[in-house]
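The values are calculated or read from the model by the stated rules, or taken from the named source; none is laboratory data. None of these values were measured; they are calculated from a predicted model. No Cβ is skipped: glycine too gets one built from the backbone with ideal geometry, and neighbour counts run over all protein chains shown.
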Amino acid sequence: MGVAFGGAFLVGVGAQIDVPMYPVPMSLQTLAVSLVGLLCTPRLAATALIVYLALGAVGLPIFAGGGSGVAALYGATAGYLWGFVVMAWLTARLVQRWGHDGFGWLFLAVYLPSLALLVPGVVWLAMRTPLTLGEAVMTGAVPFLVGKVVKTALAIGGARAVWSQLGHWQR
């Protein structure tokens, strides 16, 4: 369970490094979620993100911009928050299935779940705000596409650094 709390802490730290944008802030949360997925088993990755959501719900200021509370779990950006659980699980599952040796497979294992996160995020954003679905896509997905490529590469580099310190790939 210590690893799950560590993963939750990592995501919480990533959430504090943000560019305040409305209605969806740009932060390093997704980079941290990807790292959790790369470094953990699918079950442990999902558990870490559930712990993250629980810690934020009980009042720890670990959501983007120091946010916290149960209201965040059904607010405008809740689709992204809940989607983090699936993103971390799917990243870990794809790495487990495809391996960690080739950069191309690792890139896809991280990038595809990161893209998939946009679906619940944008749909929930459109449901909880006056934005149309098209406007939600333009504000809740498009501005993040380039950053996803950069964060994917950084997550892979970070995971490889951890793996090299361990002396081998351990999951």
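Below, the figures for the structure above:
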{"item": "Residues (more than 12 Å from the chain's Cα centre (by Cα) and either in a helix (DSSP H, G or I) or of a type outside the set (Val, Ile, Thr) (or both)) located in segment 14-28", "result": "Gln16, Asp18, Pro20, Met21, Tyr22, Pro23, Pro25"}
{"item": "Those residues of segment 94-140 which are within 20 Å of Gly83 (Cα to Cα) and of a type in the set (Gly, Ala, Ser), in sequence order", "result": "Ala109, Ser114, Ala116, Gly121, Ala126, Gly134, Ala136, Gly140"}
{"item": "All positions within segment 116-142 that are loosely packed, with under 15 Cβ neighbours inside 10 Å and assigned to a loop (DSSP other than H, G, I, E, B)", "result": "Pro130, Thr132"}
{"item": "Selected residue (criterion: surrounded by the fewest Cβ atoms within 10 Å (Cβ to Cβ)) from residues of segment 1-45 that are of a type in the set (Gly, Ala, Ser) and more than 16 Å from Val110 (Cβ to Cβ)", "result": "Gly2"}
{"item": "Per-region count, segment 29-70, residues of a type in the set (S, T, N, Q) and in a helix (DSSP H, G or I)", "result": "4"}
{"item": "In segment 23-34, the residues that are touching a Ser or Thr at 6+ places or on another chain (Cβ under 9 Å) and either under 22 Å from Val162 (Cα atoms) or in contact (Cβ under 8 Å) with a residue 60 or more places away in the chain (or both)", "result": "Pro23, Val24, Thr30, Leu31, Val33, Ser34"}
{"item": "Top-ranked residue in segment 72-110 [being among the aromatic types (Phe, Trp, Tyr) and surrounded by fewer than 20 Cβ atoms within 10 Å (Cβ to Cβ); ranked as farthest from Ala155 (Cα to Cα)]", "result": "Tyr74"}
{"item": "Some residue of segment 108-115 being within 24 Å of Pro23 (Cβ to Cβ), out of contact with any Ser or Thr (no Cβ under 7 Å at 6 or more places or on another chain), at pLDDT 95 or above and part of a helix (DSSP H, G or I)", "result": "yes"}
